[in-house]
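**Student:** The structure's right below; bear with me while I get my questions together.
The values are calculated or read from the model by the stated rules, or taken from the named source; none is laboratory data. Small disclaimer: the values here were computed from a predicted structure and weren't measured. Note that each Cβ is placed from the backbone with ideal geometry, even for glycine, and that neighbours are counted across all protein chains shown.
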Amino acid sequence: MSTIKVDSIQATGETASRAVSGVAAAWCSWKSTSVDETFGSFNVSSRTDVATGQTALNLSSAFAARDYAGSSDTLSQSTAATYRGGLNYYGCTASALDYRIGQSSGYIDLDYTAITVTGVLA
């Protein structure tokens, strides 16, 4: 297998280039309410609904270290309340992510959650 090394990357049809380090190393979107369902993913080998509002994501290719960054969105179709989701870095490793969604009263499952993670892969 060959290795291609580049400093920037541009998708076909795009006019702007971006640094390779800025391309998502992993992403996943899912529903964890009445029906547990994964909508799509990249570099995620499995997703486990650990408990209410807690999801484990195992990566196909690990990060070089636990120094990656995650950004996420959440949506509840049944309530107008605000929920915060994010990586629990104390539970994360280079090859597994610990994602949690909560509010002041505890953790909650939502209709839609998506996370994008960037960092250096091993």
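**Student:** Can you tell me which residue is farthest from the chain's Cα centre (by Cα) among those in the stretch 42-58 that are hydroxyl-bearing (Ser, Thr, Tyr), in a strand (DSSP E or B) and under 18 Å from residue 86 (Cβ atoms)?
**Tutor:** My answer is 48.
**Student:** I've got another one for you. I'd like to verify a number: residues in the stretch 69-106 that are farther than 18 Å from residue 37 by Cα, surrounded by 15 or more Cβ atoms within 10 Å (Cβ to Cβ), touching a residue at least 40 places away in the same chain (Cβ under 8 Å) and more than 10 Å from the chain's Cα centre (by Cα), how many?
**Tutor:** 2
**Student:** As an exercise: evaluate residue 34 against (1) modelled with pLDDT under 90; (2) in contact with a Leu (Cβ under 7 Å, 6 or more places away or on another chain) and give the number of the one condition it does not meet.
**Tutor:** In the conditions (1) modelled with pLDDT under 90; (2) in contact with a Leu (Cβ under 7 Å, 6 or more places away or on another chain), residue 34 misses (2) alone.
**Student:** Do we have residue 42 as of a type in the set (Phe, Trp, Tyr), free of Cβ contacts under 8 Å to residues at least 24 places away in the same chain and closer than 30 Å to residue 9 by Cβ here?
**Tutor:** Criteria met by residue 42.
**Student:** Shifting gears a bit: Restricting to the stretch 107-122, what's the tally of residues that are closer than 18 Å to residue 34 by Cβ and not in a loop (DSSP other than H, G, I, E, B)?
**Tutor:** Matching residues across the stretch 107-122 total 3.
**Student:** Tell me which residues, restricted to the stretch 31-47, are under 23 Å from residue 121 (Cβ atoms) and surrounded by 12 or more Cβ atoms within 10 Å (Cβ to Cβ).
**Tutor:** Within the stretch 31-47, 38, 41, 42, 43, 44, 45, 46, 47 meet the criteria.
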